[in-house]
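A.B. asks: The structure follows.
The values are calculated or read from the model by the stated rules, or taken from the named source; none is laboratory data. The shown structure was predicted, so the numbers you read here are calculated from the model rather than taken from an experiment. Cβ sites come from the backbone with ideal geometry, for glycine too, and all protein chains shown count toward neighbours. Remember, those area values only see protein heavy atoms, side chains included, never the ligands or the DNA or RNA. Shrake-Rupley method; radii C 1.70, N 1.55, O 1.52, S 1.80 Å.
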Amino acid sequence: MALVHKLLNGTYRLRKCLKPGVAWYPFKGRGFANYCTSSSQKPVTVAGSASVKPPEGGLQGHRPREAREAALDITSPEEKPEISFGKAIKDEITHHFWRLKDEIVSHWIGPEGRPLHEVLLEQAKVVWQFRGKEDLDKWVVTSGKTIGGRSEVFLKMGKNNQSALVYGTLSSEAPLDGESSCSSYCTMMSRPLRGPFERKRSYDWSQFNTLYLWVQGDGRPWLVNIKKDTDLIQRKDQMYNYFMFTQEGPTGRKSKIPFSLFFFSNKGRIRDAQYQMMPDRISSIGFPLADKVDGPFFLEIGFIGVFIDPAHK
């Protein structure tokens, strides 16, 4: 009986002293270390391995470096990804130089590698279409929520990934900042066009005379804004506008809006002096909603383009 008592007492002390430290992993493996944590815990099996065997040759057996690192679950310094800010800057500069080369080639040969005379003779051109996330990234949405209001707007891909859906809720409740009196607006606007080295660029629609787009709405009147590229700060709020009345229904329709129907405005107010829009330097286009009618709204846009209408003068 004394021999049995000593044997049981020695086994208990062995369990109590063995802890699942990192030092035991190369010799007995994770399964052995987890088993020795407590007598009440169940053995833990390492995922992806059926059993863990001790190294050949006993505790003094030698294991290769790769095997020791795998057992310790330590990544070798040689395998760590190299992080170099100098290389990142070099790659970015190289990328912009390649974009500059493509821009120069397109200027001499023609846009998108096509002969210039073919581009000048085309009757229609799709400027924006929506087929994936990269197309949505060319747009930005803002609402009265940015100044403390309750109007919200969201942008996502439409059905079958063939359109963009801008939707949200319009609220005329003014923010409680004591300054803003109106926050019931939501806007979807295209991002400015940028060239190599973030140079500002613009769209040249001088050979076209009509805006062409496919839309489906909920019956609300939307405003179409076309903004010209200008280097003067005092003209940054000047743009050309047109009221687009959408039809409620299960299907959309194609809208043709001549450039001559756009009216001139400054800071949201129609100016007495009206100027003809010259579509040679267009910076962006937007679709604001500000009819002051509280409630949900949506507008689905299939594509936005320009074309030549020979019947319009």
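A.B. asks: Could you tell me the calculated FRET efficiency between LYS159 and ILE270, based on Cβ-Cβ distance and R0 = 30 angstrom, to the nearest 0.05?
C.D. replies: For LYS159 and ILE270, the calculated efficiency is 0.25.
A.B. asks: What shape does the stretch 264-313 have by the C-alpha gyration tensor, where a ≥ b ≥ c are the square roots of the eigenvalues, rounded means a/c under 1.5, and otherwise prolate means a/b greater than b/c and oblate the rest?
C.D. replies: It is oblate, given that a/c is not under 1.5 and a/b is not larger than b/c.
A.B. asks: Shifting gears a bit: Take ASP135, ASP272 and sort them by solvent-accessible surface of the protein heavy atoms, 1.4 Å probe, largest at the top.
C.D. replies: Largest accessible area first, the residues go ASP272, ASP135.
A.B. asks: For the pair GLN207 and VAL293, how long in nm is the line joining their label points, each one 7 Å along Cα→Cβ?
C.D. replies: Going by the 7 Å Cα→Cβ label model, 4.1 nm.
A.B. asks: Could you tell me the calculated FRET efficiency between HIS95 and PHE307, based on Cβ-Cβ distance and R0 = 30 angstrom, to the nearest 0.05? Kindly include the intermediate steps, with their values, before the conclusion.
C.D. replies: Working: r = 33 Å, r/R0 = 1.12.
E between HIS95 and PHE307, to the nearest 0.05, is 0.35.
A.B. asks: Say each of LYS138 and ASP280 gets a label point 7 Å from the Cα, pointing the same way as Cα to Cβ; how far apart are those two points in nm?
C.D. replies: Spacing of the two 7 Å Cα→Cβ label points: 2.4 nm.
A.B. asks: How large is the dipole of the stretch 132-225 about the Cα centre if only Lys and Arg carry +1 and Asp and Glu carry -1, each at its Cβ, rounded to the nearest 20 debye?
C.D. replies: 320 debye
A.B. asks: Kindly provide the Kirkwood hydrodynamic radius of the stretch 210-313 in Å, to one decimal, from all pairs of distinct alpha carbon atoms.
C.D. replies: 14.9 Å
A.B. asks: Further question on the same structure: Among LYS101/LYS200; LYS125/LYS254; LYS125/LYS236, which pairs are too far apart, with a Cα-Cα distance over 24 Å?
C.D. replies: Among LYS101/LYS200; LYS125/LYS254; LYS125/LYS236, the Cα-Cα distance tops 24 Å for LYS125/LYS236.
A.B. asks: Continuing with this model, one more query. Please give the solvent-accessible surface of GLU173 in Å², to the nearest 10, using a probe radius of 1.4 Å with every protein chain present.
C.D. replies: Surface open to solvent at GLU173 totals about 90 Å².
A.B. asks: If ligands, DNA and RNA are left out, what is the accessible area of LYS125 with a 1.4 Å probe, given in Å² to the nearest 10?
C.D. replies: 90 Å²
A.B. asks: Another question, then. Gain in length, ALA88 to VAL126, computed as 0.36 nm per residue apart minus the alpha-carbon separation, to one decimal in nm? Please list the in-between numbers first.
C.D. replies: Working: separation 38, 0.36 × 38 = 13.68 nm, distance 3.45 nm.
Gain in length upon complete extension: 10.2 nm.
A.B. asks: In the stretch 222-299, what chymotrypsin sites (Phe, Trp or Tyr not before Pro) fall in a loop by DSSP, with at most 11 other Cβ atoms inside 10 Å?
C.D. replies: Here the sparse-neighbourhood loop sites are TYR275.
A.B. asks: Using a 1.4 angstrom probe and counting only protein chains, how large is the accessible area of MET239 in Å², to 10?
C.D. replies: Accessible surface of MET239 is approximately 40 Å².
A.B. asks: With each pseudo-label sitting 7 Å past Cα toward Cβ, what's the GLU103-GLU198 distance in nm, one decimal?
C.D. replies: The answer from the label model is 1.4 nm.
A.B. asks: Report relative contact order for the stretch 185-257 in percent, whole number only (criteria: Cα-Cα under 8 Å, sequence separation at least 6).
C.D. replies: About 36 percent, as a whole number.
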